[in-house]
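Remarks on the structure that follows.
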Amino acid sequence: MNLYKKIVTLICAVFEIIAALSLGAMLVVVTVQVVLRYFFNNAPGWSEELAKQFMILFCFIAMALGVRDKIHIALTIIVDRGLKKLILPLEILGKVLILIMGIMMSINMGPYFTKLKDNRLPGTGIPVGWEYLFPTMVGVLIALIAVYQIYDHFKYGSDENQLKQDDFTKKDATL
């Protein structure tokens with residue numbers, strides 16, 4: 001499983017670079033659009049479409065990285081009410097649901113890529129199908145992340161226990 005985690009971590013690192021480049025490119029495109037529109041009254045037609053493409057790319061990658069870092073929205077009302085015995089089963093159930101969502105996302109987005117690959121956006125000429133390529137890939141990535149998180153729950157326990165173990169390991173390494 002360590003090799004699996006390293007491969008998923010490497011894939012996440014590549015996606016982080018793509019997300020950073022996408023965010024930077026979106027910033028440049030929007031800046032060019034604003035400058036040309038407000039100062040020269042002439043914005044290029046491609047700028048809005050290109051900014052949207054970069055935004056789609058960035059948002060889907062950020063969603064996968066949010067799942068990886070466990071910074072997504074979580075409902076903790078049952079755990080907060082004092083039912084500590086339910087923490088681990090609920091966390092596993094949550095990760096299983098995330099796994100199913102990742103699989104469904106890739107299954108449902110994939111066909112759009114092939115169906116719409118010949119249609120083109122009017123301003124940029126980019127094939128419309130490309131809008132669905134990264135969501136498909138991100139769905140697979142989310143599923144891969146969920147698999148190793150489920151494994152970690154069975155091996156190390158709840159997220160809280162995993163954080164305690166990580167802190168303990170870091171503390172030992174610094175002594």
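Things to note:
- Farthest toward the positive end of the dipole of the chain, out of Gly102, Pro89, Asn119, is the Cα of Pro89, where the dipole comes from beta carbon charges about the Cα centre.
- Distance between modelled label sites at Val14 and Phe154, nm, 7 Å Cα→Cβ extension: 2.7 nm
- Over the Cα atoms of the chain, the radius of gyration divided by the Kirkwood radius equals 1.09; this is the Rg/Rh ratio.
- In sequence order, the range 94-107 has phi-based couplings of x, 5, 5, 5, 5, 4, 5, 4, x, 5, 5, 5, 6, 5 Hz under the Karplus curve 6.51 cos²θ - 1.76 cosθ + 1.60, θ = phi - 60°, and Gly or Pro positions carry x.
- Sparse-neighbourhood loop sites, trypsin sites (Lys or Arg not before Pro) in the range 73-140 - DSSP loop, at most 12 other Cβ within 10 angstrom: Arg81
- In a reduced charge model with +1 at each Lys and Arg Cβ and -1 at each Asp and Glu Cβ, the range 2-174 shows a dipole moment near 240 debye about its Cα centre.
Laboratory data are not the source of any read-out in this text; all were calculated from the coordinates shown. Everything numeric in this text was worked out from a predicted model, so none of it was measured. Cβ sites come from the backbone with ideal geometry, for glycine too, and all protein chains shown count toward neighbours.
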